[in-house]
Structures are given as structure tokens and as C-alpha cells.
1. Can you grab the distance from the C-alpha centre of the stretch 393-432 to the C-alpha centre of the stretch 105-138, Å, no decimals?
2. What's the ranking of 515-522, 89-96, 259-266, 165-172 by average number of surrounding C-beta atoms within 10 Å, highest first?
3. Counting only heavy atoms of the protein chains, get the accessible area per residue of the stretch 280-361 (1.4 Å probe) and round it to a whole Å² value.
4. Let me know the shape class of the stretch 132-192, please: from the alpha-carbon gyration tensor, a ≥ b ≥ c as square roots of the eigenvalues, rounded when a/c is under 1.5, otherwise prolate if a/b is greater than b/c, or oblate.
5. Which values, in whole Å and largest first, are the semi-axes of the equivalent ellipsoid of the stretch 211-257 obtained as the square root of 5 times each eigenvalue of the Cα gyration tensor?
6. Can you send over the solvent-accessible area of residue 247, 1.4 Å probe, protein chains only, in Å² to the nearest 10?
7. Starting at the first residue of the stretch 87-99, write each ³J(HN,Hα) from the Karplus equation 6.51 cos²θ - 1.76 cosθ + 1.60 with θ = phi - 60°, in whole Hz, x for Gly and Pro.
8. If you average the alpha carbon positions of the stretch 307-335 and of the stretch 469-530, how far apart do those two centres end up, in angstrom?
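The values are calculated or read from the model by the stated rules, or taken from the named source; none is laboratory data. Just so it is clear, the structure is predicted and the values come from calculations on it, not from any experiment. Heads up, the Cβs are rebuilt from the backbone with ideal geometry, glycines too, and the neighbour counts pull from every protein chain shown. Note: accessible area is taken over every heavy atom of the protein model, side chains too, but ligands, DNA and RNA are not part of it. Shrake-Rupley method; radii C 1.70, N 1.55, O 1.52, S 1.80 Å.
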Amino acid sequence: MRQTITLPRLWNVGEKAGICQALLLSTALVALVAPMAHAQEEPSIETIEVTGTRSTIRNSIEVKRDSAAIVDALSADDIGDLPALSIGEALETLTGASSHREQGGATEISIRGLGPFLGSTVINGREATNGSGDRSVNFSQFPSELFNKLAIYKTQQANLIEGGVSGQIALETLKPLEYGKRRIQGEIKANYNPDNNNISPRERDFGYRGTLSYVDQFDLGSLGKFGLSIGAQRNVTTNPEQEARSTSTFRDCRNDPSRDGDGVFRDNNNCDSGGGNLDLVADENGVVPDENAPFVMAASSRSFRQNITDDDRDSVFGAFQWRPTDRWDINFDIQYSDRVFTEVRNDLVFAENRRIDEPGFVRDGKFDVPLTVGEFGSLQTFTNNQRIETNSTYQERLEEYVGGGLGLSYMLTDRLIVSLDASYSRTERRENIIQTRLQSEPVDIFGNPVPGAADNGRVETATLIGQNGSDIHNFFVRNFDVTDHDLFADAARTRVDLNQFRNNEIKAIRGDFDYETGWGLINNIEGGMRYSKLEFNSVPQIRDEFTFDDSAIAAVSQACRFGSFPESGFLTSVSGGQPLITNFDDDAM
């Protein structure tokens, strides 16, 4: 077969004309090939479907459009498609939801700013427990990959379980028969924090996130259809940090040298106690006695902190769906999550920034660092005697969640569906803290005197705050090397705290019916009843405190010390190149 194609004449207008000629030629070739292809046998065509986050947005819009309540939702057709690292982070993307963030991750969710304890949470329509003692569910323990729908109901409606003042958060796992296809999905993500390079090998750990899920359906012949979906995830994250910290400040520190018994010029006391307080209460004439009095905002302590945190979470979610006939629908699902969070915290504390051992912050020592105060009372430089402490803290939170239930649904008639659902949910939370404090002293644990240290164990220090345009504190210390273990051997104390020991368990059963009326104005009538029993027990905070003598301190210090800080470069320098701590001998400054 021969076919003649005549191309229209194009004006020669340079590059654009060439492009137009190429396009017209391509169109003509398609027109030539099309009838030839029809004359031959139809080839087999493989369809490739590409989906993205647009489908999630479309599904969310459909949920809001079809709902009679005010609701925001995220919905994904495929398991693992919710775009977040945890359910908490997915929920905080919805309008009106805000989260409390712990170690960088979203945990408890507040709806409309009313607090997480004023909302309620259900998983597959069943109330979820928590370890907080109220309604504040820790959503960081639920991986987003194992849910495919979540919603926030901001108004109440009759078929919702009551209990949410601010609203209700509803999570749903995938139903395998409704999903309708087989899928095996595996995913692994690495978690790398650049700060890990600075951690010594004994403390170093790298994170990862591995997820595996399987969805399938089976035809059981006379027994109907059966579907299952199961997913597991292990998540390990690390988060080393360095911080410069200070306690809350006080305004009642006078800065008037003519009053040598008040404020920063008060002898042998903290500047904000006794005569150091400002009188800012108006008298009967409306006069404030110390309205224009000079003052200093002095923090009680300043410190440098080094954190190493580990967050491990193991989760397994499963759902089984069986339809023996077209009228029966039986669903069983279970959720399990085990989260272990640990933190090793080391603080170097300059503990008495407001203490005055001689008149004024300016001592008679050799440090040439005067008392300077900013325009609004901010303390910038000073010299004093103070204790230096090292505080080591180990804290852990162990949280385990188990939930699930069995739901039966039967179509009595073409218009009437009855259902029965039994559920169980349990959360166990344990939280422990062990803290050890050691203070500076005038002699070390081997009996050698520390030159320049006061008899009360305080060390002469000079402090520069906010130097080089930053808020970092720079300390000058006389004859005291803060990296020497032997210099911290006074007032040793260890506290063991059991802050939380909480168990929360819910057992519930509910029955419902849904009748399609066909009346036009009223489409259907729903009703039901529910019985629920909640048991909560909590052990109050228990604290044991131990103190040690010098011989015990020496033994523990020798057995437990490491040769260096876990993180290299700690305390060495900050922006501007100024070391955080500089040690001088008697002849310096």
C-alpha cells in the first residue's frame, strides 16, 4: 500500500521553523503508520500505572467532601504510602493539629490547641490506650508505613466513641480483601547523623529503618474468600548533641556599689536573696520605690551538656479478613509496638553564678575581668568563687503497646446490617533515671592539695557571656583542669528515680446496626450500644538517694572513668575561635 503525504509549506524563520517542521513531520509519520498498524494483528500492550502523592491528596478531599462532620484526613491506596516517618509526623501535617516534639520527633497531638489530653484516639474504631495517665497517646510508637488511613474529626457525631472534647483521631490499617491485590513490599532507610563521626567507637551507633509488608487474598472455594496483610518494622535512630545551657534568670539583683549590703555587693550570700531583692510594688501614691534602680539579671548556674540518645522501636501490625459468604464479613486485627528510648547525658556545671564570697562580683583575685552589665541588665562578664560540678544522667523509657480486636458483620436483609466488635488495648510504660553528681574540692581523692582552690571547695573563675556576638559562655578557671577526673571528688551523690510505672488497659465490646430506609430525605438509620472497662494503675515516683565517703568515691571513680569525653572536640572551641574553658595558673592575668 502506498500513501502520499503532502506537508504544508513553512516560512523560513530560523530555529522555530525547524522545530515546527520536525513536529509536523512526526505527526505525518504517525498518520502514515496508524492505518498500517490496523492492517496487521493487534500487538499485546503492557500497561504501566504511575501514581504519586496526588492520589493521597485526592483521597483526602473525597473524605472531607463525603463526611457530614468537620474532618481532615490522609488516605493512601497502598500500604506504606503515607509520607511521614511516624503517625505523629503525619498527623501534624493536618490543619488544626500540632504536636509535642521529643528528641526531634512528633509524639502527642493537640487538636485546635486544646491539649493532647482533651482528645481521643481510636485504631480501627477501637479506643487506644496510652502511658500518660490521660488520653495523650504517644504517636511516635506507630510507624506510618503500617497504616493507610488517618483522620481527625473536629466535631462530634453519633457513631463516634465519645471522649474527645477537642476532637477524635482515627487510625485505620489496611483491609486485605478491599485492597484486592497481592503485594510484597520491603524498604530500608539509613539514618546518618554527621555528629556520629565525633563519637568514640564505644558509644557510636548508626540508625536505620527497615519495613517489610505482605498483602494477599485467597479463594477458599466453598469457604469463601480470605485475605491477610501483615507488616513489621524496626526503627533505630541516634541523636548526639552538644548544648550550652543556663537556668532561669532573676531581676532582683541590685547593682549599686553604694549599697554594699545589697544585691551583687552583698557579703557571703546569693545576690537575689535577703537584701538583694528589689522593691517593685507601688505604694498608695503609685510610686514604685526601685523603679529606676540598677539591676542585674543573673542566672543561678550555667553548664555545657553532651547527649547521646538511642531510640529503638519494633512494630508488628496484622489484619485478617474472611468472607465465608456475601453476607458475612469477619475482621481480626492486631497491633504491637515496643519502644526503648535511652539517653546518656553529661553536664559540666558552673553551679553558683549568683554567689558572692566577697563584696561584688569583682574579687581581689588576679583575674582582670570586671563586672559588666548590658543596657537591659544582662550580665556579661564577672569574677567569683564557685563550685564546679559534673552531673551524669542515664534515663530510659520502655513503652509497649498491644491492641486489636475481632469484628463480625452480617447482612440480615438487603437493607439491614448488624455488627458486633470486641476489642482489647494495653499500654505499659516504665521510666527510670539514674543521676550521679560530683563536686570540686580543695584536695583530690589522693590527698594532694589543689593550688588556688578555696577551703570550701570553690574555684576562682571568670566568666564572659555573649562574646564574639554569640550567647556561648566562656570561662576562665584558675588552677582547675575540668578534664581531670581526680578534681571532682566531693559531695558525691547518686539518685535512682522511678518516675513512672504505669499500666493502662481497655476491654470493650460494641454492637451496631445500619438500616437503609429508602425514604429519600433520610437515607439510613444507625444505632448501637457499647460497653467499655478501663483499668489504670500507677506507682508514684520513688527516689533513693545515696551519698559516699572519699574512699568509696576513689574506688568508683577509678572503676567507672573513661580516658576521654565520648565526643571528640568537646569544650575546645566555638564560633570565633575562643575556647569554652581556659585553665590558668597563679601567675596568669
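1. After rounding, the separation between the Cα centres reads 14 Å.
2. 165-172, 259-266, 89-96, 515-522
3. Each residue of the stretch 280-361 exposes 42 Å² on average to a 1.4 Å probe.
4. On the way: a/c = 3.42, a/b = 1.45, b/c = 2.36.
It comes out oblate by the Cα gyration axes.
5. Values: eigenvalues 890, 44, 3 Å².
So the three semi-axes of the stretch 211-257 are 67, 15, 4 Å.
6. That residue has around 50 Å² of solvent-accessible surface.
7. Residue by residue, the stretch 87-99 yields 4, x, 6, 6, 5, 5, 7, 7, 4, x, 10, 10, 10 Hz.
8. After rounding, the separation between the Cα centres reads 23 Å.
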